[in-house]
Amino acid sequence: YKAESYSRMSFALDNIKVNWDKPFWKPFSFVQKYIDTTDVYPNVTVSIREHITDEYYQNKPRKEKKILQKKRIFGVETFIGSTSFQENINSLFKDIDINHNSMNLLYNRFVSPLSSSVAVSFYQYYIMDTIMVDGYQCIDLAFVPVNSESYGFTGHLYIVNDSTYRVKKYAINIPPEINLNFASNYSIEHNYVQLENGLWAPDRTTTYAKFYIFNKKKGMVARQTKIYTNWDMETPIPPNIFSNMTADDVETNDSMAVHYGAAAWDTLRPEPLTK
């Protein structure tokens, strides 16, 4: 298949507590207009990146390739040259698949709640309710690890209430008892959509992470939204896309990505930015 993905990632300084009357902060008093108070602690967005990527996949032999077509970065991230910072962020927001037996996150392996080998012994499951999700009647199935300190998730599976038992949506979190390197909070909400050919595919993923840089009181909040469009499972993939790749290779090519300005992104992105 081939699909197009749009991703938007924002970084915000967390727990902003400043006396704006002090001489040092007066020149920055305009920041007060942009402080977001909808979270637990007030935070202010300092950087945003946007990407539009063509994603290719073939099953036999399995090969994946992502070609970054358009990108935009504005804010303080343009001044951050730390390789380790970028590697940790990429690891934190890498694509994970709940359908696999395990999910790798920040160099740790977590048991998937859909694992075909150990899920039923690793997790406890509870039917909570039957609700509507995007027009589908779904069973809300909550799950928690048997051992709260083991590398597993807490969360909900929203399963279509028919003979297919498809997963329409899931929401997973990392329990606070787990030491996940520099991250203190982490959650993913993922939606699937049924395509015209009857198959189900990723539709939208929202990832939230809070991590510490300086101390346990002040850190950063990162949010990523990824939206998939233009699924094509009929057109053959050109042979040159997977040239020089072996089975199980995953390659990301951003050397051809083009920078677009703010006005162009108003038409490129599938949904507008919030104020």
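The values are calculated or read from the model by the stated rules, or taken from the named source; none is laboratory data. Given the structure is predicted, the values throughout are model-derived calculations rather than measurements. Cβ placement follows ideal geometry from the backbone for every residue including glycine, while neighbour counts extend to all protein chains displayed. Heads up: the accessible areas ignore ligands, DNA and RNA and are worked out on the full protein's heavy atoms, side chains in. Shrake-Rupley method; radii C 1.70, N 1.55, O 1.52, S 1.80 Å.
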Against the rule of thumb 2.2 N^0.38 Å, how large the Cα Rg of the range 1-140 comes out: 1.46
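Could you work out how much longer the chain between residue 102 and residue 118 gets when fully extended? Use 0.36 nm per residue separation minus the Cα distance between them, nm to one decimal. Spell out each step's value before the answer.
Numbers: separation 16, 0.36 × 16 = 5.76 nm, distance 0.98 nm.
Extra length from residue 102 to residue 118 when fully extended: 4.8 nm.
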Solvent-accessible surface (1.4 angstrom probe) belonging to residue 30, in square angstrom, nearest 10: 110
Residue 72 - accessible surface, heavy atoms, 1.4 Å probe, Å² rounded to 10: 40
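What value does the range 67-177 have for Rg/Rh, both radii from Cα atoms and Rh as Kirkwood defines it? Present the calculation step by step, with values, prior to reporting the outcome.
Numbers: Rg = 17.5 Å, Rh = 16.3 Å.
Radius of gyration relative to Kirkwood radius: 1.07.
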Long-range amide H partners of residue 112 with built H, under 5 Å: 102, 103
Spin-label proximity, residue 177 to the range 115-138 - amide N less than 13 Å from point 7 Å beyond Cα toward beta carbon: 123-124
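On average, how much accessible surface per residue is there in the range 150-273, in Å², for a 1.4 Å probe, leaving out ligands, DNA and RNA?
Values: 7120 Å² over 124 residues.
Heavy-atom accessible area per residue stands at 57 Å².
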Average projection area in nm² (convex hull over Cα atoms of the chain, one quarter of hull surface): 17.7
Karplus-derived HN-Hα couplings along the range 51-61 (A = 6.51, B = -1.76, C = 1.60, θ = phi - 60°), whole Hz, x at Gly and Pro: 9, 10, 10, 8, 10, 10, 8, 10, 8, 10, x
Where 76, 250 fall by accessible area, highest first, once all protein chains stay in place (1.4 Å): 250, 76
Apportionment of accessible area to carbon and sulfur, the range 125-252, percent (1.4 Å): 50
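Using a Förster radius of 35 Å, what is the FRET efficiency between residue 94 and residue 260 based on their Cβ-Cβ separation? Nearest 0.05, please. Numbers along the way, then the final one.
Working: r = 24 Å, r/R0 = 0.69.
Plugging the Cβ-Cβ distance into 1/(1 + (r/R0)^6) gives 0.90.
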Mean ellipticity per residue at 222 nm, deg cm²/dmol - from DSSP H runs of n ≥ 4 across the chain, formula -39500 (n - 2.57): -2000 deg cm²/dmol
For residue 36, distant residues with modelled amide H under 5 Å away: 43, 44, 45
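By its C-alpha gyration tensor, with a ≥ b ≥ c as the square roots of the eigenvalues, how is the range 146-275 shaped: rounded for a/c under 1.5, else prolate for a/b larger than b/c, else oblate?
Values: a/c = 1.63, a/b = 1.24, b/c = 1.32.
Since a/c reaches 1.5 but b/c is at least a/b, the shape of the range 146-275 is classed as oblate.
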Amide H contacts of residue 203 (H built 1.01 Å from N, under 5 Å, at least 5 apart or other chain): 191, 192, 193
